[in-house]
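Worksheet: the structure to be examined is printed underneath.
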Amino acid sequence: MTEAASGGSAAGASSDTCYRHPDRRSFVLCQRCGRTVCPQCQIPAAVGVHCPECVAQATSALPKRPSALRRALRPGSRVPVVTYGILALTLVVFALQWVTNGTVANALAYFPPLTPYEPWRMLTAALVHSQSSFVHILFNMYSLFVLGPLLEQLVGRARFAAIYVLSALGGSAAVALLAPASVVVGASGAIFGLLGAFFVIQRRLGGGNVQLIVIIALNLVLGFVVPNVAWEAHVGGLLVGGLCAWVMVRTRRSDQSRRQIALLASIGLGIVVLTVIALAVHGLLPS
């Protein structure tokens, strides 16, 4: 005990009372600063005990562990942040549809004649779903939950987001071209875009995709058979998603990144041009 006391440098190291509780006698010293600590203030250490101040000082010097969200967002993380973000946003919007008794759906659904005045509906339609059947949103969100993480891991977050957004826009453009009088809701166009992209990438990697072809074919057929299903959005999303993936696999080298961005932007521009042509053909452009 004498050796420990002689090694301390703080005032009160030789005192026989706790430095925090002067009315309590103790003969136990902090192994770091040498202050006397009572049983209440003693914090067990690898050797002996430490006082609260020394523990607080040591803890503050340690590097802070990033939060779970920061760990998920940092580069190299395998968490499919974009997929989960789209899932969460779509479910929140669906809940708002019920709370507002359809007001949100009316504000976000895509109706081609409104395109010149509210073009954002071409994208926001992917966030709203039919309130008459839970099967609609369950099918789309389950497909996103299964396909999204796989594709996001293969192409990366930014490219995955580009495929999803462009496929949703492509589906709306196809509706404007083929069914201009329709009111469309749902993420089906974007989901078919993921299917098309996954098909192209899997084929590029040399994997067998017979089962994927069957899944795509069955879903396309259902779109033609089941009433009130916008098969036009399915076809448009499928084609755009496949085209985006084709661009990505052809420009995947690091020195081709600018070319890839330019080509993806060209796809987006092509969707805009196709939409304008469709509106002009059907007489929906403002005079």
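Computed quantities for the displayed model
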| item | result |
| --- | --- |
| 10 Å-binned pair-distance histogram of the chain (Cα, whole percent) | 6, 22, 23, 13, 6, 7, 10, 9, 3, 0 |
| Sequence of 50, 21, 129, 136 once ranked by neighbouring C-beta atoms within 10 Å, starting from the fewest | 21, 136, 50, 129 |
| Net lengthening on full extension, residue 21/residue 120 (0.36 nm per residue, minus Cα-Cα) | 28.9 nm |
| Where labels lie 7 Å past Cα in the beta-carbon direction, separation of residue 262 and residue 213 in nm | 3.5 |
| Helix 157-178 vs. the chain, principal-axis angle (Cα, 0 to 90°, nearest 10) | 20 |
| Rounded tilt (10° steps) of 188-204 against the dominant C-alpha axis of the chain | 80 |
| Spatial separation of Cα centroids for the range 215-276 and the range 135-198, in angstrom | 9 |
| Peptide ranges 165-171, 95-101 listed from the most packed, as the mean C-beta count within 10 angstrom indicates | 165-171, 95-101 |
| Sorted peptide list for 175-184, 239-248, 195-204, criterion being average Cβ within 10 angstrom, highest first | 239-248, 195-204, 175-184 |
| Extension reserve of the residue 281-residue 134 stretch, reckoned as 0.36 nm per residue once the Cα distance is removed | 49.4 nm |
| Cubic angstrom per residue, convex hull over Cα atoms of the range 246-287 | 55 |
| Lys, Arg +1 and Asp, Glu -1 on Cβ, resulting dipole of the chain about Cα centre, debye, nearest 20 | 820 |
| Added length on full extension, which subtracts the Cα-Cα distance from 0.36 nm per residue, residue 179 to residue 89 | 29.7 nm |
| Rounded tilt (10° steps) of 81-99 against the dominant C-alpha axis of the chain | 70 |
| Built amide H within the under 5 Å cut-off of residue 49, gap 5+ | 31 |
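No value in this document is a laboratory result; all are computed from the given coordinates. Since the model is a prediction, treat every value here as computed from it, not as a measurement. When we count neighbours, we look across all protein chains shown, and the Cβ atoms used for this are built from the backbone with ideal geometry, even at glycine.
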